[in-house]
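See below for the structure under consideration.
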Amino acid sequence: MAKFARPHRGRRSVKNAVKKFTTENTWEDVWGADGWGSETSDAFGLDQIVRKYLPQGEGQKTFVELGCAPGSNMAYFHNAMGYEVTGVDYAGIELTSAYLAGQKIPYRLIDCDIFEWEPEESFDVVFSTGLVEHFDPIAPIVDLHKKFVSENGFVVIAIPNLRYFNKLMVKIVKPELLEIHNMRIMSPKAFKRHFSGNGFICHYCNYYKTSLLDLDSNYDYLRERKKLDMLYKALRKISSGLKLGNIPNRFFSPNIVIIAQRASESKCE
């Protein structure tokens, strides 16, 4: 595991100007001994869209995840896409390191606040999921993704869609989640603004998948609610049987995803 960081005064002033809905302690509690989320195998369900737009690495492509704990996304991009993987986070570092080492995956971890990190290289893929929605405004954190990506490289950002039906589900199972998310940014238009006319081509900027909120049976608040857990599993099974798994829409899609490529011209579809 490698650790390096170059605090930057300009970055620190930006960091101080951004409202954070979570703290380091928040994430240390999340990435506790149980390793919440560490069994995810396909980048939070993004396998279909990742394979469609991103090139295979075959050991020649570099990848960095901003906010990388618990390491499952890094494992996916190495195993499925063939990328050399780097992760940056200031919480859950030991958990992430243990997970990746257990998977026998070569990796690099930077124990650092992403606003204070000054990498010496750029990356072919800059990725985050469940990160930018914890900030307000989101422009500074999105700008970091763009700053770190190489020429012709890809920025992939995924956030949850906690509006409409999903918001109702959150209010039922864990209402405090709403307090740590920037709800105003949860629309594809909010992302297109940050990439249109800035040297990027947007290959995808839309809702992704169709399901109830992306809950997992390992979450404590489902383990403690057996009937709700059974109902959720039944509805997921029905949705799968009817092949309703990927009909992007604002009402039921659990995710919003943007895949943008740095290029000389910008044209969002």
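Taken together, the values in this text are just the output of simple stated rules run on the coordinates, not laboratory data. Computed from a predicted model, the values in this text were never measured in an experiment. Backbone-built Cβ (ideal geometry, glycine too); neighbour counts: all protein chains shown.
Can you give me the long-range amide H partners of residue 203? Hydrogens built in the peptide plane at 1.01 Å from N, cutoff under 5 Å, separation of 5 or more residues or another chain.
For residue 203, whose amide H was placed from the backbone, the distant partners under 5 Å are 259, 260, 261.
Name the residues whose placed amide hydrogens come within less than 5 Å of the amide hydrogen of residue 129, ignoring near sequence neighbours (fewer than 5 apart) on the same chain.
158
Within segment 41-114, list the GluC sites (Glu not before Pro) lying in a DSSP loop whose Cβ has at most 15 other Cβ atoms in a 10 Å radius.
In loop regions of segment 41-114 (DSSP not H, G, I, E or B), the sparsely surrounded GluC sites (Glu not before Pro) are 58.
What list do you get for 150, 72 if you sort them by fewest beta carbons within 10 Å?
Starting with the residue having the fewest Cβ neighbours, the order is 150, 72.
Given q = 0.17, 0.18 Å⁻¹, what are the Debye log10 I(q)/I(0) values for segment 77-163, with equal point scatterers placed on the Cα positions and solvent ignored?
After summing over all Cα pairs, the log10 values are -0.82, -0.92.
Which whole-number percent gives the relative contact order of segment 146-210, counting Cα pairs below 8 Å spaced six or more residues apart? Before the final figure, lay out the partial values.
Values: 27 pairs, mean separation 15.1, N = 65.
Computed over segment 146-210, the figure is 23 percent.
For residue 28 paired with residue 164, estimate the spin-label separation in nm (one decimal), with each label point 7 Å from Cα along the Cα-to-Cβ line.
A separation of 3.9 nm, rounded to one decimal place.
Cα-Cα over 24 Å: which of 147/192; 146/174; 52/233; 20/233?
Distance filter (> 24 Å) returns 146/174; 52/233; 20/233.
So how far, in whole Å, is the C-alpha centre of segment 52-95 from the one of segment 98-145?
9 Å
Short version: ³J(HN,Hα) in whole Hz for each residue of segment 142-149, in order, from phi by Karplus 6.51 cos²θ - 1.76 cosθ + 1.60 (θ = phi - 60°), x for Gly and Pro, what are they?
With coefficients 6.51, -1.76 and 1.60, one gets 5, 4, 5, 4, 5, 5, 7, 8 Hz.
Quick one: 167, 61, fewest Cβ neighbours within 10 Å first, how do they rank?
Going from least to most buried by this count: 167, 61.
Please turn the phi angles of segment 166-177 into ³J(HN,Hα) values with the Karplus equation 6.51 cos²θ - 1.76 cosθ + 1.60 (θ = phi - 60°), one per residue in order, whole Hz, x for glycine and proline.
5, 5, 4, 5, 4, 4, 7, 8, 7, x, 5, 4
Per residue of segment 179-195, what does 6.51 cos²θ - 1.76 cosθ + 1.60 with θ = phi - 60° give for ³J(HN,Hα)? Whole Hz please, x for Gly and Pro, Karplus curve as stated.
6, 10, 10, 7, 5, 5, 8, 7, 7, x, 4, 4, 7, 4, 4, 7, 10
If neighbour count is taken as other Cβ atoms inside 10 Å, put 238, 180 in order from fewest to most.
238, 180
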